[in-house]
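> Below is a structure I'd like to ask you about.
The values are calculated or read from the model by the stated rules, or taken from the named source; none is laboratory data. All values derive from a computational prediction rather than experimental measurement. Cβ sites come from the backbone with ideal geometry, for glycine too, and all protein chains shown count toward neighbours.
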Amino acid sequence: MTRPAPRRARRPLAAFRGGLAALAATLGLLGAGLAGADAALDARTLTYQNDDGLTTWTRTYPPELGPISGPLRQDGLTWLAVGPALYGYADDGEQRVRLDFPGEVSALDGGGGTLQATAGFGSVRQTFTVAEMQIQGRVVLPPDPQVTGWLARAASVVPQSQLVQASQQDPANPFLNLRLARLSELRGDRYGAISAAQRAVTAEVPFAASVQLAAQLDAAGYPAAADLSLDRAASDWAARGYDPALTVSQDALRAYGDPLGELNTLLAQNKLRRAEAWIRYLRLVSPRFQGYPELYARYARILDAQDRGGEADEWRQFSHDLSAGTLYNLGPGSLLILQAASRLLAAALLLAILAALSGYAVHYWRVQGEDLAPLGGRWRSWLRHPLSRARRITLGYAGFGEKLVLVALLLGLLISLSAWVWTGRVNARLLSPALTAGTYGGAWFYDGLDRLALSGNAADIALIRGLASQLDGDTATARQTYARAGTAPSACIQNNLGVLSGVGGDTAQARDSYRQALALDPGQVPASYNLGLHPQSPETAFQESQRSNQPRLCYPDQQTLIQALDTPPGSSVLGLLRDPWNVLNGLPTGLPRPLQWMWVTLLLALLTASILWLAVPRLPAGHAAGRPPLYRLTALLLPGSALLEGAWGSVLLLGWALTLAVLAGRRGLIPSGALLGSAGAGLGAFLVTLLAAIYALNILVFVLEELRSARDARRSRRS
């Protein structure tokens, strides 16, 4: 098999002769100072030769580390990209720098004397400039374990026999030193283990790697080093523009070193002292992580069990305070609560509709049959006399009040189904990776935001996009984007405009903007903080500890995000009325497509018939329907179904249906955990008592109706 020719970093010759001079000029000379050295990549091994053609050092990169780009000579260093890392090597083989990118580096370019690296994540590509051994501009790490866990993976593939050499060649990888510390412990060299652990903590790595390192240090028995690693993670989190005001999904947390998983493990092992360090890290950098109410409640119960009731109450209050800014202040699961409520309401209304139709059917069954007998019977009449048969459907015999109740129930069902669709759609978009990564900005964020196709309030969309540009350091774009909010920007935008003025040196204008923000929203924390009013919140605690020399930006809360993501619920109802077929077929019922089409068709047909028959006079036979035995039995079994001509019938029917729906939700027959999951055992007993009271009241009303009917019959016979 022919071995591929090695790729070489080309060098300018001492004398520019012939065609080689043109070639060197085309490649941009690749910088001065090559001194005749030559770096070549053969398969996955980088080889460096001196002027005499002798190999002075080599580096081999396992396939598990990802694709390789380069080598390229620039600024006196040999650059080689491996996966999402870019290494810079001196002529003697010393690793001078390792730069971490938000994705695998796919290309290196040294044209024009400037080193540029193109990194990709999925379909997104972003080009960065490298100068003075640093990435110019902001690097936003996407929540991808393949990127954030690369350093730990690179250390794990090194054979134990090569650990010492690997740690010397790559001193910036702390996981190599941690493996050395464990190895020293096994050999009984405690001093060597502590020294290696200290070297691991001092390495400069992204926050996700620091969190992973802290977990491994905890497991290895170095709690003080783990705490230091968490402190470094918090500092890097702040330096990269991540913020506690934003939600972080559990998937993102796993990619960021999985602090939540480590906390749960420590709690399960009853290592409460170490668990406290981890939960306080989460409270500092990302208190609004997905699922925080359950975890904080669990931790409070543990504190209660230790007779630390004061601390437990403080954690409960802290969790409660985080609900501010959510929809109706219901907490982070507000949309799920509303979705569960709309689902239960839809189930109750559907049950009430079926009960009402059952009552109508048994009430008018006899007179309808007598009317249809001359036309060929109940079924043949559809073929022989379709128009006459359509006139004699069950609704044709119902009174106006009964038909009006049915229309109201059907319209209520459509509205509740519309709310179900809207809450499900908005909640899915609210949990999209772009909005739950802990920060805004970066090519990956903008790509995700474009995919969401925000269709809500323009001012709220301007806040999100303007804030992303501001975090990326693009102040001109941020101002232009904020201007799209119109002549009356929100308090949040006003605060951020003040930050822009302050950064630009206009302190007076900045303070004026902060005051305007407070005038628009007196409770706004960022503007109060920037004016030196010392408000207390998780965000200001983070700002004081991690960004004390910077003004506080205003981030969108859940309500703002919802308004930006989608049209208001009222517009969703209008959309249902305009296009009910597609909206109802989009319901996440889990039914096969044919069954979904079938029930949507029946529902729309019933609604259409009910509305049309409101204008159709009642058939005379309907007045003579009487109260057949089956109708009386139905009236007792289905409360309110025989009383829909009056107000009492609707109240009893809806109360009965809603109680049964909630009972079904309690038993898991209707998904409603977000709404009923935290309800105590007393709810079940209350619902059973309420159902019994509804039946008792229904029997009383039924008896009174029977007495009234008998009295009317006697009067009729006398007359």
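> Assuming A476 fulfils every condition listed in (1) surrounded by 22 or more Cβ atoms within 10 Å (Cβ to Cβ); (2) part of a helix (DSSP H, G or I) apart from one, which condition is it?
(1)
> Are there helices (runs of 4 or more DSSP H) fully within region 240-357 with at least 3 residues that are under 22 Å from P206 (Cα atoms)? List them.
Once the helices (runs of 4 or more DSSP H) in region 240-357 are filtered for at least 3 residues that are under 22 Å from P206 (Cα atoms), what remains is 250-255, 259-268, 272-285.
> Just checking, does region 532-541 include any residue being of a type in the set (G, A, S), within 30 Å of L357 (Cα to Cα) and not in a helix (DSSP H, G or I)?
The answer is no, given that none of the residues of region 532-541 is of a type in the set (G, A, S), within 30 Å of L357 (Cα to Cα) and not in a helix (DSSP H, G or I).
> If a residue has to be closer than 18 Å to L435 by Cβ and touching a Lys or Arg at 6+ places or on another chain (Cβ under 6 Å) to count, how many in region 206-262 make the cut?
1
> So L676 clears everything in (1) surrounded by fewer than 17 Cβ atoms within 10 Å (Cβ to Cβ); (2) at pLDDT below 90; (3) among the hydrophobic types (A, V, I, L, M, F, W, C); (4) under 31 Å from the mean Cα position of the chain (by Cα) except one condition, right? Which one?
(1)
> How do the pairs read when you match residues in region 266-295 that are surrounded by 16 or more Cβ atoms within 10 Å (Cβ to Cβ) with residues anywhere that are among the aliphatic types (A, V, I, L, M) and part of a strand (DSSP E or B), using Cβ under 9 Å and keeping only pairs 6 or more apart or on different chains?
Cβ pairs passing all conditions: V285/V248; S286/V248; R288/V248; F289/V248; Q290/V248.
> Shifting gears a bit: Quick one: count up the residues across region 152-172 that are among the hydroxyl-bearing types (S, T, Y) and crowded, with 16+ Cβ neighbours inside 10 Å.
1
> Then there is this: Determine whether region 130-151 contains at least one residue that is hydrophobic (A, V, I, L, M, F, W, C), out of contact with any Pro (no Cβ under 7 Å at 6 or more places or on another chain), in a helix (DSSP H, G or I) and surrounded by fewer than 17 Cβ atoms within 10 Å (Cβ to Cβ).
There is no residue in region 130-151 that is hydrophobic (A, V, I, L, M, F, W, C), out of contact with any Pro (no Cβ under 7 Å at 6 or more places or on another chain), in a helix (DSSP H, G or I) and surrounded by fewer than 17 Cβ atoms within 10 Å (Cβ to Cβ).
> Select from region 98-115 the residues that are more than 22 Å from Q212 (Cβ to Cβ) and surrounded by 17 or more Cβ atoms within 10 Å (Cβ to Cβ) and write down the one among them that is farthest from the chain's Cα centre (by Cα).
G110
> Provide a single number: the residues in region 330-361 that are of a type in the set (G, A, S), within 31 Å of the chain's Cα centre (by Cα) and surrounded by 22 or more Cβ atoms within 10 Å (Cβ to Cβ).
Number of matching residues: 6.
> Here is a follow-up. Could you list, ordered by first residue, the pairs with Cβ atoms under 6 Å in which the first is in region 351-373 and of a type in the set (D, E) and the second is surrounded by 17 or more Cβ atoms within 10 Å (Cβ to Cβ), at least 6 apart or interchain?
Listed pairs, sorted by first residue: D371/R392.
> Specify which of the listed residues (V201, V164, V211) is assigned to a helix (DSSP H, G or I), touching a Phe, Trp or Tyr at 6+ places or on another chain (Cβ under 7 Å) and hydrophobic (A, V, I, L, M, F, W, C).
V211
> Go through region 555-587 and give me each residue that's over 30 Å from A324 (Cα atoms) and of a type in the set (D, E).
Within region 555-587, D579 is the sole residue that qualifies.
> If a residue must be modelled with pLDDT under 90 and over 22 Å from G76 (Cα atoms), how many such residues does region 111-124 contain?
Residues flagged as modelled with pLDDT under 90 and over 22 Å from G76 (Cα atoms) within region 111-124 amount to 5.
> Return the residues of region 564-591 that are aliphatic (A, V, I, L, M), in a helix (DSSP H, G or I) and at pLDDT 80 or above; say none if nothing qualifies.
A564, L565, V583, L584
> Those residues that are touching a residue at least 24 places away in the same chain (Cβ under 8 Å) and either among the acidic types (D, E) or farther than 19 Å from L322 by Cα (or both), I need them from region 242-263; list them, please.
D243, D251, A252, R254, A255, Y256, G257, D258, P259, E262, L263
> Name the single residue that is nearest to the chain's Cα centre (by Cα) among those in region 612-630 being more than 23 Å from E706 (Cβ to Cβ) and free of Cβ contacts under 8 Å to residues at least 12 places away in the same chain.
The extreme case among them is L612.
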